[in-house]
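Remarks on the structure that follows.
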Amino acid sequence: MSRTILIVDDDRELCDLVGELLRGEGFEVDAHHSGAGAVDLAASGAYELVILDVMLPEQNGFEILRALRQRSAVPVILLTARGEDVDRIVGLEIGADDYLPKPFNSRELTARIRAVLRRMQPREQDMMPPVTVGDITLDPGTRTVLRNTTLVELTTVEFDLLHTLLSAAGRVVTREDISQRVLGRPFDPFDRSIDVHIGKVRRKLQDDAGDDERIKTVRGVGYIYAQPRH
């Protein structure tokens, strides 16, 4: 796969600084400075990851991300304004793999990029046998999830999250463990990423008639995938 990262941001100075940083980490970097044409570029298959600013001229980052997800699963890290929690939640809801508030620490950006890319690589857990809990079957080898015979479409993060919970069905998985194993970083109590991803997985697993909540919150601790009733 290409080792090239695309930065979509109208701040040319920032693009230059990030480009210099990432080239020092062994990546090639391209920059694009407006929303116009960004979707076609990001979906071209030429990039390993896209860093996408929310505030762009002509077309904002949310519009670009929404259109991009119709065409490509390329990983996206969204750059948001510091303090704008709504932007971060919306970004995750429409398909961002992670987010980083501006201004950001260069080491944090590099760590986020490497964590996202690690999730895209084949791992030992991908060779594990399928896990079945009730009507849900998750196959790490093919990275597919079935509810009975219906395919459930999940993002990479959502799949890894569900795998973690199903593998410990009936037991609590702490937020600290989820953050380390799924997001690849230490737990931050102010980070809403886990909550958003949990909510998305819950909705995707819900059947049309509705059912008892499969993933239950254990307040102050973490989450538990409930064993089905017999």
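What are the ³J(HN,Hα) couplings of region 84-90, residue after residue, when phi is run through the Karplus curve with 6.51, -1.76, 1.60 and θ = phi - 60°? Round to Hz, x for glycine and proline.
Rounded to whole hertz, the list is 8, 4, 4, 4, 5, 5, 4.
If you project the alpha carbons of region 104-183 onto their three principal axes, what span does each projection cover, largest first, in Å?
Largest first, region 104-183 extends 45, 26, 21 Å along its Cα principal axes.
Of the DSSP beta bridges with both residues in the chain, give the percent that are antiparallel, rounding to the nearest 5.
Bridges in the chain are about 45 percent antiparallel.
To the nearest µm²/s, what D does Stokes-Einstein give for region 38-156 at 25 °C and 0.890 mPa s, using the Kirkwood radius over alpha carbon pairs as Rh?
The diffusion coefficient I find is 154 µm²/s.
Using the per-residue mean of other Cβ atoms lying within 10 Å as a proxy for protection, in what order, highest first, do the peptides 58-65, 151-158 fall?
Top of the packing list down: 58-65, 151-158.
If each Cα of the chain is one equal point scatterer, what is log10 of I(q)/I(0) from the Debye formula at q = 0.09, 0.14 Å⁻¹?
-0.39, -0.91
Starting at the first residue of region 133-147, write each ³J(HN,Hα) from the Karplus equation 6.51 cos²θ - 1.76 cosθ + 1.60 with θ = phi - 60°, in whole Hz, x for Gly and Pro.
Calculated HN-Hα couplings, in order: 10, x, 8, 9, 10, 10, 10, x, x, 9, 6, 10, 10, 10, 9 Hz.
What is the distance in Å between the Cα centroid of region 122-183 and that of region 23-78?
Computed from Cα coordinates, the inter-centre distance equals 28 Å.
To the nearest 20 Debye, how big is the dipole of region 73-209 about its Cα centre, given +1 on the beta carbon of each Lys and Arg and -1 on that of each Asp and Glu?
360 debye
Contact order normalised by length for region 4-119, with contacts defined as Cα pairs under 8 Å and 6 or more residues apart; what percent is it?
Result for region 4-119 is 23 percent.
Nearest 500 deg cm²/dmol is fine: what mean residue ellipticity at 222 nm does the chain get from its DSSP H runs of n ≥ 4 alone, each adding -39,500 (n - 2.57), divided by its residue count?
Using -39500 (n - 2.57) per qualifying helix, the result is -10000 deg cm²/dmol.
Which translational diffusion coefficient, to the nearest whole µm²/s, is obtained for region 124-225 from the Stokes-Einstein equation, given a Kirkwood hydrodynamic radius over C-alpha pairs, 37 °C and 0.692 mPa s?
Estimated via Stokes-Einstein, D reaches 236 µm²/s.
A short reminder: the numbers here are calculations on the coordinates, not readings from a lab. These numbers come from a predicted model, not from an experiment. Neighbour counts run over all protein chains shown; Cβ positions are idealised from the backbone, glycine included.
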